[in-house]
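Notes follow once the structure below has been shown.
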Amino acid sequence: MGITTIENYIDGEWVASASGQALDVINPATGEAIARVPLSTAAEVDAAVQSAQEAFEEWRETPPYTRARAMFRLKGAIEENFEELSRIVVEENGKTIDEARGEVRRAIENVEVAAGIPSLMMGYNLEDVATNIDEEAVRQPLGVFCAIAPFNFPAMVPFWFLPYAVATGNTFVLKPSEQAPLTQTRLFELIDEIDLPPGVVNLVHGGKDTAQAMLEHPGIRGVSFVGSTPVAKHVYTTATAHGKRAQCQGGAKNFLVVMPDAVLDKTAGAITTSAFGNAGQRCLAGSVVLAVGDIYEPLKERLVEAARGLKVGYGLDPATQMGPVISPAALERITNYIEQGVQDGAKLLLDGRGVSVPEYPGGCFIGPTILDEAAPEMSIVQEEIFGPVLSIIQVDDFEEALAIMNNSRYGNAGSIFTSSGKWAREFKYRAQIGNVGINIGIAAPIASFPFGGMKDSFFGDLHGQGPDVINFYTERKIVITRWF
Ligand code: NAD
(Lines give C-alpha, C1' and ligand atoms only; values in the text may rest on other atoms or scores of the structure.)
Protein backbone atom coordinates (compact mmCIF):
# COMPACT_ATOMS: atom_id res chain seq x y z
CA MET A 1 0.00 0.00 0.00
CA GLY A 2 1.36 3.43 -0.92
CA ILE A 3 1.70 6.03 1.77
CA THR A 4 -0.19 9.28 1.57
CA THR A 5 1.15 12.79 1.72
CA ILE A 6 -0.83 14.65 4.34
CA GLU A 7 -2.53 17.91 3.49
CA ASN A 8 -2.75 21.37 4.93
CA TYR A 9 -6.00 22.72 6.36
CA ILE A 10 -6.47 26.26 5.12
CA ASP A 11 -9.65 28.35 5.06
CA GLY A 12 -11.73 25.40 6.18
CA GLU A 13 -10.54 23.12 3.38
CA TRP A 14 -8.00 20.32 3.08
CA VAL A 15 -5.49 21.28 0.41
CA ALA A 16 -2.45 19.48 -0.95
CA SER A 17 0.75 21.46 -0.65
CA ALA A 18 2.16 22.63 -3.96
CA SER A 19 5.72 22.68 -2.66
CA GLY A 20 6.78 19.43 -4.31
CA GLN A 21 8.99 18.75 -1.29
CA ALA A 22 8.07 16.25 1.39
CA LEU A 23 9.65 14.13 4.12
CA ASP A 24 8.81 10.66 5.36
CA VAL A 25 7.09 10.41 8.72
CA ILE A 26 8.71 7.39 10.35
CA ASN A 27 7.29 5.13 13.02
CA PRO A 28 10.33 5.07 15.32
CA ALA A 29 9.53 1.58 16.62
CA THR A 30 9.32 -0.11 13.24
CA GLY A 31 11.50 2.21 11.17
CA GLU A 32 8.76 2.26 8.54
CA ALA A 33 7.47 5.33 6.74
CA ILE A 34 3.81 5.80 7.64
CA ALA A 35 3.08 9.02 5.74
CA ARG A 36 4.71 11.88 3.91
CA VAL A 37 4.66 15.41 5.28
CA PRO A 38 4.92 18.33 2.85
CA LEU A 39 7.36 21.17 3.41
CA SER A 40 4.90 23.95 2.72
CA THR A 41 5.92 27.17 1.02
CA ALA A 42 5.81 30.77 2.17
CA ALA A 43 2.87 31.27 -0.22
CA GLU A 44 0.93 28.55 1.63
CA VAL A 45 1.71 30.19 4.97
CA ASP A 46 0.49 33.44 3.46
CA ALA A 47 -2.75 31.81 2.28
CA ALA A 48 -3.38 30.50 5.81
CA VAL A 49 -2.63 33.88 7.38
CA GLN A 50 -4.86 35.71 4.93
CA SER A 51 -7.71 33.33 5.64
CA ALA A 52 -7.16 33.77 9.39
CA GLN A 53 -7.11 37.55 8.98
CA GLU A 54 -10.39 37.49 7.07
CA ALA A 55 -12.00 35.25 9.68
CA PHE A 56 -10.86 37.41 12.57
CA GLU A 57 -13.36 40.30 12.47
CA GLU A 58 -16.40 38.05 12.62
CA TRP A 59 -14.86 35.61 15.09
CA ARG A 60 -13.88 38.32 17.57
CA GLU A 61 -17.49 39.55 17.56
CA THR A 62 -18.80 36.05 18.23
CA PRO A 63 -19.93 36.00 21.88
CA PRO A 64 -17.47 34.29 24.24
CA TYR A 65 -20.28 31.91 25.21
CA THR A 66 -20.57 30.77 21.61
CA ARG A 67 -16.81 30.37 21.37
CA ALA A 68 -16.88 28.38 24.60
CA ARG A 69 -19.49 26.07 23.09
CA ALA A 70 -17.06 25.32 20.26
CA MET A 71 -14.62 24.18 22.96
CA PHE A 72 -17.25 21.86 24.42
CA ARG A 73 -17.82 20.37 20.98
CA LEU A 74 -14.08 19.94 20.51
CA LYS A 75 -13.76 18.20 23.86
CA GLY A 76 -16.58 15.83 22.90
CA ALA A 77 -14.98 15.04 19.55
CA ILE A 78 -11.60 14.27 21.14
CA GLU A 79 -13.17 12.12 23.86
CA GLU A 80 -15.00 10.10 21.21
CA ASN A 81 -11.78 9.48 19.33
CA PHE A 82 -9.54 9.19 22.36
CA GLU A 83 -8.14 5.72 21.65
CA GLU A 84 -7.51 6.39 17.98
CA LEU A 85 -5.66 9.63 18.77
CA SER A 86 -3.58 7.89 21.44
CA ARG A 87 -2.64 5.24 18.91
CA ILE A 88 -1.54 7.80 16.37
CA VAL A 89 0.66 9.44 19.02
CA VAL A 90 2.36 6.06 19.61
CA GLU A 91 2.80 5.40 15.91
CA GLU A 92 4.46 8.68 15.10
CA ASN A 93 6.27 9.42 18.37
CA GLY A 94 7.09 6.03 19.85
CA LYS A 95 5.93 6.54 23.44
CA THR A 96 3.88 3.84 25.15
CA ILE A 97 0.12 3.70 24.72
CA ASP A 98 -0.40 4.67 28.37
CA GLU A 99 1.89 7.65 28.00
CA ALA A 100 0.00 8.61 24.84
CA ARG A 101 -3.33 8.38 26.66
CA GLY A 102 -1.93 10.60 29.40
CA GLU A 103 -0.86 13.12 26.79
CA VAL A 104 -4.21 13.19 24.98
CA ARG A 105 -5.88 13.66 28.39
CA ARG A 106 -3.66 16.70 28.97
CA ALA A 107 -4.69 18.10 25.59
CA ILE A 108 -8.35 17.68 26.56
CA GLU A 109 -7.75 19.43 29.88
CA ASN A 110 -6.59 22.50 28.02
CA VAL A 111 -9.79 22.49 25.97
CA GLU A 112 -11.78 22.20 29.20
CA VAL A 113 -10.02 25.17 30.75
CA ALA A 114 -10.42 27.24 27.57
CA ALA A 115 -14.18 26.52 27.71
CA GLY A 116 -14.20 28.81 30.76
CA ILE A 117 -13.39 31.79 28.53
CA PRO A 118 -16.49 33.85 29.49
CA SER A 119 -14.97 34.07 32.99
CA LEU A 120 -11.29 33.95 32.07
CA MET A 121 -11.58 36.87 29.68
CA MET A 122 -13.35 39.28 32.03
CA GLY A 123 -11.75 42.63 32.64
CA TYR A 124 -12.06 44.82 35.75
CA ASN A 125 -13.10 48.31 36.69
CA LEU A 126 -12.99 50.97 39.38
CA GLU A 127 -15.55 53.71 39.83
CA ASP A 128 -14.59 57.23 40.87
CA VAL A 129 -10.88 57.13 40.05
CA ALA A 130 -11.38 60.90 40.10
CA THR A 131 -14.55 62.89 40.66
CA ASN A 132 -17.16 61.49 38.30
CA ILE A 133 -14.62 59.46 36.38
CA ASP A 134 -14.67 55.66 36.05
CA GLU A 135 -11.97 53.44 34.69
CA GLU A 136 -12.07 49.92 33.25
CA ALA A 137 -9.75 47.40 31.68
CA VAL A 138 -11.19 45.23 28.91
CA ARG A 139 -9.54 42.33 27.16
CA GLN A 140 -9.63 42.13 23.40
CA PRO A 141 -8.22 39.59 20.96
CA LEU A 142 -5.48 40.86 18.65
CA GLY A 143 -5.75 38.94 15.38
CA VAL A 144 -3.77 36.04 13.96
CA PHE A 145 -1.47 33.97 16.19
CA CYS A 146 0.68 31.01 15.25
CA ALA A 147 2.37 28.15 17.06
CA ILE A 148 5.40 26.06 16.13
CA ALA A 149 5.55 22.75 17.96
CA PRO A 150 8.07 19.99 18.84
CA PHE A 151 7.86 16.25 18.19
CA ASN A 152 7.74 15.00 21.76
CA PHE A 153 4.12 15.80 22.67
CA PRO A 154 2.34 15.92 19.31
CA ALA A 155 -1.14 16.06 20.85
CA MET A 156 -0.59 18.13 23.98
CA VAL A 157 1.88 20.91 23.19
CA PRO A 158 -0.14 22.56 20.37
CA PHE A 159 -3.09 22.48 22.78
CA TRP A 160 -1.21 24.63 25.30
CA PHE A 161 -2.08 27.35 22.78
CA LEU A 162 -4.75 26.52 20.19
CA PRO A 163 -7.83 26.30 22.46
CA TYR A 164 -6.99 29.56 24.24
CA ALA A 165 -6.16 31.47 21.05
CA VAL A 166 -9.49 30.45 19.54
CA ALA A 167 -11.57 30.90 22.69
CA THR A 168 -10.22 34.43 23.22
CA GLY A 169 -11.45 35.36 19.73
CA ASN A 170 -8.17 35.24 17.84
CA THR A 171 -7.53 33.14 14.77
CA PHE A 172 -4.74 30.65 14.49
CA VAL A 173 -2.17 28.93 12.30
CA LEU A 174 -0.40 25.80 13.57
CA LYS A 175 2.77 24.23 12.28
CA PRO A 176 3.28 20.87 14.00
CA SER A 177 6.65 19.12 14.11
CA GLU A 178 7.52 17.62 10.75
CA GLN A 179 8.64 14.53 12.69
CA ALA A 180 5.21 13.99 14.26
CA PRO A 181 2.51 15.77 12.23
CA LEU A 182 -0.17 13.05 12.12
CA THR A 183 -1.87 13.54 15.50
CA GLN A 184 -2.65 17.18 14.72
CA THR A 185 -3.80 16.22 11.23
CA ARG A 186 -6.35 13.89 12.82
CA LEU A 187 -7.25 16.54 15.43
CA PHE A 188 -7.88 19.04 12.65
CA GLU A 189 -10.24 16.55 10.99
CA LEU A 190 -12.16 16.62 14.26
CA ILE A 191 -11.93 20.42 14.39
CA ASP A 192 -13.37 20.45 10.87
CA GLU A 193 -16.44 18.67 12.24
CA ILE A 194 -17.19 21.18 15.01
CA ASP A 195 -18.27 23.92 12.60
CA LEU A 196 -15.87 26.73 13.22
CA PRO A 197 -16.04 29.43 10.55
CA PRO A 198 -13.43 28.84 7.80
CA GLY A 199 -10.08 30.42 8.61
CA VAL A 200 -10.42 30.44 12.41
CA VAL A 201 -7.91 27.61 12.66
CA ASN A 202 -5.41 26.57 9.99
CA LEU A 203 -2.83 23.83 9.79
CA VAL A 204 0.31 24.28 7.70
CA HIS A 205 2.84 21.47 7.63
CA GLY A 206 6.53 21.95 7.14
CA GLY A 207 9.96 22.42 8.62
CA LYS A 208 12.15 25.36 9.46
CA ASP A 209 11.56 27.32 6.26
CA THR A 210 7.82 27.11 6.78
CA ALA A 211 8.33 28.32 10.37
CA GLN A 212 10.57 31.13 9.17
CA ALA A 213 7.85 32.34 6.81
CA MET A 214 5.52 32.58 9.81
CA LEU A 215 8.06 34.52 11.87
CA GLU A 216 8.44 37.08 9.11
CA HIS A 217 4.79 37.34 8.08
CA PRO A 218 3.43 40.83 8.79
CA GLY A 219 -0.08 39.46 9.33
CA ILE A 220 0.84 37.39 12.38
CA ARG A 221 0.56 39.20 15.73
CA GLY A 222 2.21 36.65 17.98
CA VAL A 223 4.14 33.39 18.03
CA SER A 224 4.09 30.52 20.51
CA PHE A 225 7.07 28.22 20.20
CA VAL A 226 8.13 25.03 21.98
CA GLY A 227 11.31 23.19 21.06
CA SER A 228 15.07 23.21 21.58
CA THR A 229 16.91 26.20 23.05
CA PRO A 230 18.86 27.33 19.97
CA VAL A 231 15.66 27.40 17.91
CA ALA A 232 13.67 29.01 20.75
CA LYS A 233 16.23 31.84 20.87
CA HIS A 234 16.13 32.27 17.11
CA VAL A 235 12.32 32.29 17.07
CA TYR A 236 12.20 34.81 19.92
CA THR A 237 14.65 37.24 18.36
CA THR A 238 13.18 36.93 14.85
CA ALA A 239 9.55 37.19 15.94
CA THR A 240 10.15 40.18 18.20
CA ALA A 241 12.29 41.89 15.55
CA HIS A 242 9.23 41.57 13.31
CA GLY A 243 7.07 43.29 15.90
CA LYS A 244 5.34 40.19 17.24
CA ARG A 245 4.56 38.98 20.71
CA ALA A 246 6.57 35.83 21.42
CA GLN A 247 6.57 33.11 24.04
CA CYS A 248 9.33 30.59 23.37
CA GLN A 249 9.84 27.51 25.51
CA GLY A 250 13.22 25.87 25.06
CA GLY A 251 15.25 22.87 26.15
CA ALA A 252 16.02 21.65 29.64
CA LYS A 253 18.38 19.97 32.04
CA ASN A 254 16.47 18.92 35.12
CA PHE A 255 18.09 18.09 38.47
CA LEU A 256 16.57 15.90 41.16
CA VAL A 257 17.87 16.61 44.66
CA VAL A 258 17.46 13.70 47.07
CA MET A 259 17.93 14.53 50.75
CA PRO A 260 18.99 11.87 53.28
CA ASP A 261 15.47 11.95 54.81
CA ALA A 262 13.69 11.17 51.51
CA VAL A 263 11.22 8.26 51.45
CA LEU A 264 13.48 5.87 49.54
CA ASP A 265 11.07 3.56 47.72
CA LYS A 266 8.72 6.26 46.53
CA THR A 267 11.61 8.52 45.57
CA ALA A 268 13.29 5.82 43.48
CA GLY A 269 9.97 5.10 41.74
CA ALA A 270 9.34 8.76 40.98
CA ILE A 271 12.88 9.27 39.64
CA THR A 272 12.65 6.18 37.42
CA THR A 273 9.45 7.45 35.81
CA SER A 274 10.88 10.94 35.47
CA ALA A 275 14.12 9.83 33.79
CA PHE A 276 12.88 7.00 31.59
CA GLY A 277 9.22 7.83 30.90
CA ASN A 278 8.72 8.85 27.27
CA ALA A 279 12.23 7.39 26.77
CA GLY A 280 13.57 10.53 28.45
CA GLN A 281 12.18 12.73 25.68
CA ARG A 282 10.33 15.07 27.97
CA CYS A 283 11.37 18.64 28.70
CA LEU A 284 10.52 17.82 32.32
CA ALA A 285 12.54 14.60 32.42
CA GLY A 286 14.83 14.24 35.42
CA SER A 287 18.34 13.99 34.07
CA VAL A 288 20.77 14.33 36.99
CA VAL A 289 20.30 12.96 40.51
CA LEU A 290 22.06 14.95 43.24
CA ALA A 291 22.14 12.46 46.10
CA VAL A 292 22.90 14.12 49.42
CA GLY A 293 25.03 12.17 51.89
CA ASP A 294 24.14 8.65 52.97
CA ILE A 295 21.14 8.15 50.72
CA TYR A 296 23.50 7.84 47.76
CA GLU A 297 24.30 4.11 48.06
CA PRO A 298 20.81 2.70 48.71
CA LEU A 299 19.24 5.10 46.17
CA LYS A 300 21.70 4.06 43.50
CA GLU A 301 20.90 0.41 44.04
CA ARG A 302 17.15 0.98 43.82
CA LEU A 303 17.45 3.09 40.68
CA VAL A 304 19.53 0.50 38.86
CA GLU A 305 17.20 -2.27 39.93
CA ALA A 306 14.09 -0.39 38.80
CA ALA A 307 15.60 0.75 35.49
CA ARG A 308 16.98 -2.68 34.65
CA GLY A 309 13.48 -4.15 34.92
CA LEU A 310 11.89 -1.78 32.39
CA LYS A 311 10.64 -3.56 29.30
CA VAL A 312 11.71 -1.76 26.13
CA GLY A 313 9.59 -2.31 23.03
CA TYR A 314 6.87 -1.06 20.69
CA GLY A 315 4.56 1.35 22.49
CA LEU A 316 1.44 -0.37 21.16
CA ASP A 317 2.39 -3.58 22.97
CA PRO A 318 0.68 -3.20 26.36
CA ALA A 319 3.63 -4.90 28.10
CA THR A 320 6.06 -2.22 26.90
CA GLN A 321 7.24 0.21 29.57
CA MET A 322 9.62 2.26 27.45
CA GLY A 323 9.40 2.94 23.72
CA PRO A 324 12.05 3.96 21.19
CA VAL A 325 13.53 7.41 20.71
CA ILE A 326 12.35 9.47 17.78
CA SER A 327 15.00 8.90 15.10
CA PRO A 328 18.36 7.37 14.21
CA ALA A 329 19.85 10.87 14.62
CA ALA A 330 18.49 11.08 18.17
CA LEU A 331 19.84 7.61 18.92
CA GLU A 332 23.27 8.64 17.71
CA ARG A 333 23.24 11.86 19.75
CA ILE A 334 22.27 9.97 22.92
CA THR A 335 24.90 7.27 22.33
CA ASN A 336 27.56 9.94 21.81
CA TYR A 337 26.66 11.56 25.13
CA ILE A 338 27.01 8.23 26.92
CA GLU A 339 30.42 7.65 25.32
CA GLN A 340 31.54 11.16 26.21
CA GLY A 341 30.36 10.66 29.81
CA VAL A 342 32.44 7.50 30.11
CA GLN A 343 35.46 9.22 28.56
CA ASP A 344 35.06 12.06 31.04
CA GLY A 345 35.24 9.60 33.94
CA ALA A 346 31.63 8.69 34.74
CA LYS A 347 30.96 5.04 35.57
CA LEU A 348 28.34 3.07 33.68
CA LEU A 349 26.04 1.33 36.15
CA LEU A 350 23.54 0.38 33.47
CA ASP A 351 24.23 0.54 29.74
CA GLY A 352 21.23 0.78 27.43
CA ARG A 353 23.30 0.77 24.25
CA GLY A 354 22.91 -2.34 22.22
CA VAL A 355 19.44 -3.10 23.54
CA SER A 356 17.50 -4.73 20.76
CA VAL A 357 13.88 -5.58 20.27
CA PRO A 358 13.98 -8.64 18.00
CA GLU A 359 10.47 -8.14 16.58
CA TYR A 360 11.41 -4.62 15.46
CA PRO A 361 14.96 -4.64 14.16
CA GLY A 362 14.46 -1.29 12.41
CA GLY A 363 13.42 0.55 15.59
CA CYS A 364 15.37 3.33 17.35
CA PHE A 365 15.67 1.49 20.64
CA ILE A 366 18.01 2.25 23.48
CA GLY A 367 17.59 0.97 27.01
CA PRO A 368 17.65 2.92 30.27
CA THR A 369 21.18 4.07 31.05
CA ILE A 370 22.61 5.15 34.40
CA LEU A 371 25.97 6.88 34.77
CA ASP A 372 27.43 7.18 38.25
CA GLU A 373 30.22 9.39 39.58
CA ALA A 374 29.26 12.17 37.21
CA ALA A 375 30.70 15.64 37.84
CA PRO A 376 29.22 19.11 37.33
CA GLU A 377 31.55 20.06 34.47
CA MET A 378 30.80 16.96 32.34
CA SER A 379 28.69 17.37 29.20
CA ILE A 380 26.26 14.70 30.51
CA VAL A 381 25.49 17.12 33.38
CA GLN A 382 25.65 20.41 31.45
CA GLU A 383 23.81 19.61 28.24
CA GLU A 384 20.38 18.35 27.28
CA ILE A 385 20.67 14.69 26.19
CA PHE A 386 16.93 14.17 25.56
CA GLY A 387 17.04 10.40 25.94
CA PRO A 388 16.80 7.74 28.67
CA VAL A 389 20.06 8.61 30.41
CA LEU A 390 20.31 9.40 34.11
CA SER A 391 23.50 10.66 35.76
CA ILE A 392 24.20 10.51 39.48
CA ILE A 393 26.38 12.82 41.55
CA GLN A 394 26.94 12.35 45.26
CA VAL A 395 27.06 15.67 47.14
CA ASP A 396 27.76 16.53 50.78
CA ASP A 397 24.82 18.75 51.53
CA PHE A 398 21.83 20.72 50.27
CA GLU A 399 23.92 23.80 49.50
CA GLU A 400 26.22 21.87 47.19
CA ALA A 401 23.25 20.32 45.38
CA LEU A 402 21.51 23.67 44.97
CA ALA A 403 24.69 25.31 43.66
CA ILE A 404 25.15 22.63 40.98
CA MET A 405 21.53 22.94 39.89
CA ASN A 406 21.46 26.73 39.86
CA ASN A 407 24.68 26.81 37.90
CA SER A 408 22.95 25.19 34.92
CA ARG A 409 22.18 27.44 31.97
CA TYR A 410 18.74 25.85 31.88
CA GLY A 411 15.88 26.54 34.28
CA ASN A 412 12.99 24.41 33.20
CA ALA A 413 12.26 22.06 36.09
CA GLY A 414 13.73 20.36 39.12
CA SER A 415 12.64 18.46 42.19
CA ILE A 416 13.56 17.84 45.77
CA PHE A 417 12.77 14.61 47.60
CA THR A 418 12.67 15.09 51.37
CA SER A 419 10.55 14.66 54.49
CA SER A 420 11.64 18.06 55.76
CA GLY A 421 9.48 21.15 55.30
CA LYS A 422 12.54 23.29 55.87
CA TRP A 423 14.50 21.83 52.93
CA ALA A 424 11.40 21.82 50.75
CA ARG A 425 10.88 25.52 51.45
CA GLU A 426 14.53 26.38 50.88
CA PHE A 427 14.38 24.57 47.54
CA LYS A 428 11.14 26.20 46.47
CA TYR A 429 12.47 29.62 47.45
CA ARG A 430 15.96 29.46 45.98
CA ALA A 431 15.73 27.14 42.95
CA GLN A 432 16.28 29.03 39.69
CA ILE A 433 13.78 26.92 37.77
CA GLY A 434 10.27 27.49 36.50
CA ASN A 435 8.58 24.21 37.47
CA VAL A 436 9.39 22.99 40.97
CA GLY A 437 8.58 19.49 42.24
CA ILE A 438 8.49 18.60 45.92
CA ASN A 439 8.43 14.81 46.14
CA ILE A 440 7.19 14.93 42.53
CA GLY A 441 9.36 13.54 39.73
CA ILE A 442 7.72 15.32 36.80
CA ALA A 443 6.62 18.81 37.79
CA ALA A 444 4.10 19.22 34.95
CA PRO A 445 1.70 22.13 35.47
CA ILE A 446 -1.95 21.27 34.95
CA ALA A 447 -3.82 23.30 32.32
CA SER A 448 -5.09 26.06 34.64
CA PHE A 449 -1.53 26.96 35.66
CA PRO A 450 1.11 28.43 33.36
CA PHE A 451 3.89 26.14 32.20
CA GLY A 452 6.98 27.65 33.87
CA GLY A 453 10.52 27.93 32.61
CA MET A 454 13.43 30.31 33.20
CA LYS A 455 16.91 31.13 31.93
CA ASP A 456 17.74 29.31 28.66
CA SER A 457 14.54 27.26 28.95
CA PHE A 458 12.23 30.19 28.23
CA PHE A 459 12.32 33.39 26.22
CA GLY A 460 9.52 35.84 26.80
CA ASP A 461 7.46 36.73 29.83
CA LEU A 462 3.98 35.25 29.40
CA HIS A 463 4.03 31.43 29.37
CA GLY A 464 1.72 28.86 27.78
CA GLN A 465 -1.43 27.69 29.64
CA GLY A 466 -3.20 29.32 32.58
CA PRO A 467 -3.74 33.06 33.11
CA ASP A 468 -0.48 33.82 31.28
CA VAL A 469 -1.76 32.53 27.98
CA ILE A 470 -4.97 34.55 28.31
CA ASN A 471 -2.81 37.65 28.78
CA PHE A 472 -0.66 36.64 25.83
CA TYR A 473 -3.68 36.34 23.57
CA THR A 474 -5.39 39.57 24.66
CA GLU A 475 -4.76 43.29 24.65
CA ARG A 476 -5.68 44.91 27.94
CA LYS A 477 -7.33 48.10 26.80
CA ILE A 478 -7.94 50.78 29.42
CA VAL A 479 -11.08 52.91 29.15
CA ILE A 480 -11.48 56.10 31.21
CA THR A 481 -14.99 57.56 31.20
CA ARG A 482 -16.62 60.83 32.23
CA TRP A 483 -20.18 61.87 31.33
CA PHE A 484 -20.95 65.60 31.36
P1 NAD B 1 13.27 21.50 17.56
O2 NAD B 1 13.75 22.79 18.14
O3 NAD B 1 14.19 20.74 16.69
O4 NAD B 1 11.95 21.77 16.67
C5 NAD B 1 10.83 22.38 17.20
C6 NAD B 1 10.06 23.07 16.07
O7 NAD B 1 10.85 24.12 15.53
C8 NAD B 1 9.68 22.16 14.91
O9 NAD B 1 8.36 22.45 14.52
C10 NAD B 1 10.67 22.55 13.83
O11 NAD B 1 10.16 22.39 12.52
C12 NAD B 1 10.89 24.01 14.12
N13 NAD B 1 12.21 24.52 13.71
C14 NAD B 1 13.38 23.83 13.65
N15 NAD B 1 14.38 24.66 13.27
C16 NAD B 1 13.83 25.89 13.11
C17 NAD B 1 14.35 27.17 12.74
N18 NAD B 1 15.64 27.34 12.46
N19 NAD B 1 13.50 28.20 12.68
C20 NAD B 1 12.18 28.06 12.99
N21 NAD B 1 11.64 26.86 13.34
C22 NAD B 1 12.44 25.80 13.40
O23 NAD B 1 12.75 20.62 18.79
P24 NAD B 1 12.28 19.09 18.80
O25 NAD B 1 13.47 18.22 18.63
O26 NAD B 1 11.11 18.91 17.92
O27 NAD B 1 11.76 18.97 20.31
C28 NAD B 1 12.60 18.65 21.38
C29 NAD B 1 13.02 19.89 22.13
O30 NAD B 1 11.88 20.59 22.60
C31 NAD B 1 13.84 19.56 23.37
O32 NAD B 1 14.90 20.49 23.46
C33 NAD B 1 12.85 19.77 24.51
O34 NAD B 1 13.42 20.10 25.76
C35 NAD B 1 12.03 20.90 23.98
N36 NAD B 1 10.73 20.99 24.64
C37 NAD B 1 10.54 21.99 25.53
C38 NAD B 1 9.34 22.08 26.20
C39 NAD B 1 9.11 23.19 27.20
O40 NAD B 1 8.00 23.34 27.64
N41 NAD B 1 10.12 23.95 27.57
C42 NAD B 1 8.32 21.16 25.95
C43 NAD B 1 8.55 20.15 25.01
C44 NAD B 1 9.76 20.07 24.35
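Structure data summary
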{"item": "Residue-span extension gain [D461 to A329] - 0.36 nm each, minus C-alpha spacing", "result": "44.3 nm"}
{"item": "Approximate spin-label separation D209-E189, in nm, with each point projected 7 Å along Cα-to-Cβ", "result": "2.9 nm"}
{"item": "Euclidean distance between Cα centres, region 407-456 to region 131-164, Å", "result": "25 Å"}
{"item": "Crossing angle, helix 42-61 versus the chain [Cα axis fit, 0-90 degrees, rounded to tens]", "result": "60 degrees"}
{"item": "Amide H within-cut-off set for V25, under 5 Å, with H built and near neighbours excluded", "result": "I34, A35, R36, V37"}
{"item": "Full-extension gain in nm, R476 to L126, via 0.36 nm per residue minus C-alpha separation", "result": "124.5 nm"}
{"item": "Residues with amide H under 5 Å from that of Q281, placed H, sequence gap 5 or more", "result": "none"}
{"item": "Cα convex hull of region 182-326, projected area averaged across orientations, nm²", "result": "12.5 nm²"}
{"item": "Net charge of neighbours whose Cβ lies under 10 Å from the Cβ of D134, counting Lys and Arg as +1 and Asp and Glu as -1", "result": "-3"}
{"item": "Sequence-separation-based contact order of the chain, relative, with Cα cut under 8 Å and 6+ spacing, percent", "result": "19 percent"}
{"item": "Rounded to 10°, Cα long-axis angle of helix 229-241 versus longest principal axis of the chain", "result": "20 degrees"}
{"item": "Proximal lysines relative to K244, as straight alpha-carbon distance under 23 Å, when same-chain residues fewer than 8 apart are discounted", "result": "K175, K208, K233, K455, K477"}
{"item": "For the chain, convex hull volume per residue from C-alpha positions, Å³", "result": "152 Å³"}
{"item": "For region 254-438, convex hull volume per residue from C-alpha positions, Å³", "result": "105 Å³"}
{"item": "Net length gained if the chain between E135 and D351 were fully extended (0.36 nm per residue, minus Cα distance)", "result": "71.3 nm"}
{"item": "Phi to ³J(HN,Hα) by Karplus 6.51 cos²θ - 1.76 cosθ + 1.60 over region 160-168, Hz, x for Gly, Pro", "result": "5, 10, 3, x, 6, 4, 6, 5, 6"}
{"item": "The chain: angle of helix 264-276 to the longest principal axis, Cα-based, in degrees nearest 10", "result": "60 degrees"}
{"item": "Probe 1.4 Å, protein heavy atoms only - accessible area per residue of the chain in square angstrom", "result": "40 Å²"}
{"item": "Whole-angstrom gap from region 178-243 to region 352-370, using each part's C-alpha centre", "result": "33 Å"}
{"item": "Share of carbon and sulfur in the accessible heavy-atom surface of the chain [1.4 Å probe, %]", "result": "51 percent"}
{"item": "Efficiency of FRET from Cβ geometry, E54 and E400, R₀ 60 Å, rounded to 0.05", "result": "0.55"}
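The values are calculated or read from the model by the stated rules, or taken from the named source; none is laboratory data. Note that the structure is a prediction, hence the values are computed from the model and not measured. Virtual Cβ from ideal backbone geometry, glycine too; neighbours counted across all protein chains shown. Quick note on the areas: whole protein, heavy atoms, side chains included, nothing else; ligands and nucleic acids left out. Shrake-Rupley method; radii C 1.70, N 1.55, O 1.52, S 1.80 Å.
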